[in-house]
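Peer 1: Let me begin by handing over the structure; questions about it come next.
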Amino acid sequence: MNGENDGAPSLTVNELFGEAESRAQRARNAARRAAAEAAAQFEQEKQNFLARPLTEANRQLFLRRIRTEFEHHEREVMLASFPSDYCEDGGRHINHQLPGWEDQLPGYARRVYEFWRDDLRLGGFEFHARVISFSPQGIPQDIGLFISWPDTPLT
């Protein structure tokens, strides 16, 4: 403007507030989109977990992992884990080992349990499901599925 003032200011406080509000609105919109995308991704991962079959290749992998951990003098191996939010009760039954906790195992986790129940249990193995991580507020976050065995042969 060559230093001349035609009566209109170069900048107004209202412009600054308007620009700040526009930035804040864009940030809120971006956060909403990101949250919606994360929720959609979570739901897709959950549906995949619920539908995932337990294949013969999975069974063979589990058996190899059990053998490997046994050879390393371990007493258990985690075969799978999943978010507690996949359970209808958020993992409460599993966390507190309430009666019927097995019924709370969703999809693929249920199939891992059934593999133990119908096969590995007959060989002397035990099955455990437990919370392996908690939120800072103490809410279950992730559940692990474990196969364990005694430290001496069965008689």
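What follows is calculated from the coordinates using simple rules that are stated; it is not laboratory data. Bear in mind the structure is a predicted one, so any value in this text is a computation, not a measurement. Methodologically, a virtual Cβ is constructed for each residue, glycine included, from the backbone with ideal geometry; neighbour enumeration extends over all protein chains shown.
Peer 1: Per-residue ellipticity at 222 nm for the chain, helices alone: DSSP H runs ≥ 4 residues times -39500 (n - 2.57), over residue total, nearest 500 deg cm²/dmol?
Peer 2: My calculation for the chain gives -15500 deg cm²/dmol from helical runs alone.
Peer 1: Right, something else. How far, in nm, would the chain grow between ALA27 and ASP142 when pulled straight, counting 0.36 nm per residue and subtracting the alpha carbon separation?
Peer 2: The ALA27-ASP142 span can extend by a further 38.4 nm.
Peer 1: Could you tell me which residue out of GLN41, GLY18, ALA57 lies farthest along the dipole of region 9-87 toward its positive end? Charges go on the beta carbon: Lys and Arg +1, Asp and Glu -1, centred on the Cα centre.
Peer 2: It is ALA57.
Peer 1: Semi-axes of region 69-155's equivalent ellipsoid from the Cα gyration tensor, sqrt of 5 times each eigenvalue, largest first, rounded to whole Å?
Peer 2: 24, 15, 11
Peer 1: Roughly how many Å is it from the Cα centre of region 10-31 to that of region 122-147, as a whole number?
Peer 2: Cα centres, region 10-31 to region 122-147: 47 Å.
Peer 1: With charges only on Cβ, +1 for K and R and -1 for D and E, what is the dipole size of the chain about its Cα centre, in debye, rounded to 20?
Peer 2: Result for the chain is approximately 420 debye, rounded to the nearest 20.
Peer 1: GluC sites (Glu not before Pro) within region 1-67: which are DSSP loop residues with at most 14 other Cβ atoms inside 10 Å?
Peer 2: The qualifying sites are GLU4.
Peer 1: Also, quick follow-up: From the Cα gyration tensor of region 1-66, with a ≥ b ≥ c the square roots of its eigenvalues, which class applies: rounded if a/c is under 1.5, or else prolate if a/b is larger than b/c, or else oblate?
Peer 2: Prolate shape, in that a/c is at least 1.5 and a/b is the bigger ratio.
Peer 1: For a Förster distance of 22 Å, can you work out the FRET efficiency between the beta-carbons of LEU61 and LEU154, rounded to the nearest 0.05?
Peer 2: That gives a FRET efficiency of 0.35.
Peer 1: In addition: Assuming 1.306 mPa s and 10 °C, estimate D for the chain with Stokes-Einstein, Rh taken as the Kirkwood radius over Cα pairs, in µm²/s.
Peer 2: The diffusion coefficient I find is 81 µm²/s.
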